[in-house]
Amino acid sequence: QADNVLLEYEYALELKARGLVEILPVFVGEKVASGLHQQFAGFAKLQDFPDAPHCHPTSLHKDQCTVRQTLQRLFQLQGIHLLNSEDMTQIGLVAAEALKKLQKVHDETDA
């Protein structure tokens, strides 16, 4: 089945591969029955995703990459974990700090 979110992942990963963008996933946890918050538990196991090409008409990788391979590339990226949606106000601060670290690594590799 065609999936627009998967399509967005494909395009973002392609832009990253070309060095045009950085991707910083933000994983938001949820409140559980006890009232406490738990960290984002992740997506389904990678092997649960189709090992077949994405059938979206504008997919970049129809014949070159499977859904599972695209998600595997995405899951390899370092992300930010927030415990709950109330932490969303902190995303700007956390993202800014992460971008500083990325810039430092980038600068060191260019030197």
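Indicate the gyration tensor shape class of region 5-57 (rounded, prolate or oblate), computed on the Cα atoms with a ≥ b ≥ c the square roots of the eigenvalues: a/c under 1.5 is rounded; otherwise a/b larger than b/c is prolate and the rest oblate.
Numbers: a/c = 3.26, a/b = 1.63, b/c = 2.00.
The shape class here is oblate.
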The chain, accessible area per residue, ligands and nucleic acids excluded (1.4 Å, Å²): 72
Distribution of pairwise C-alpha distances over the chain, 10 Å bins, in %: 12, 34, 33, 19, 2, 0
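The values are calculated or read from the model by the stated rules, or taken from the named source; none is laboratory data. In this text, all values refer to a predicted model and were calculated from it rather than measured experimentally. Please note that ligands, DNA and RNA were not included when accessible areas were found on the heavy atoms of the full protein model with its side chains. Shrake-Rupley method; radii C 1.70, N 1.55, O 1.52, S 1.80 Å.
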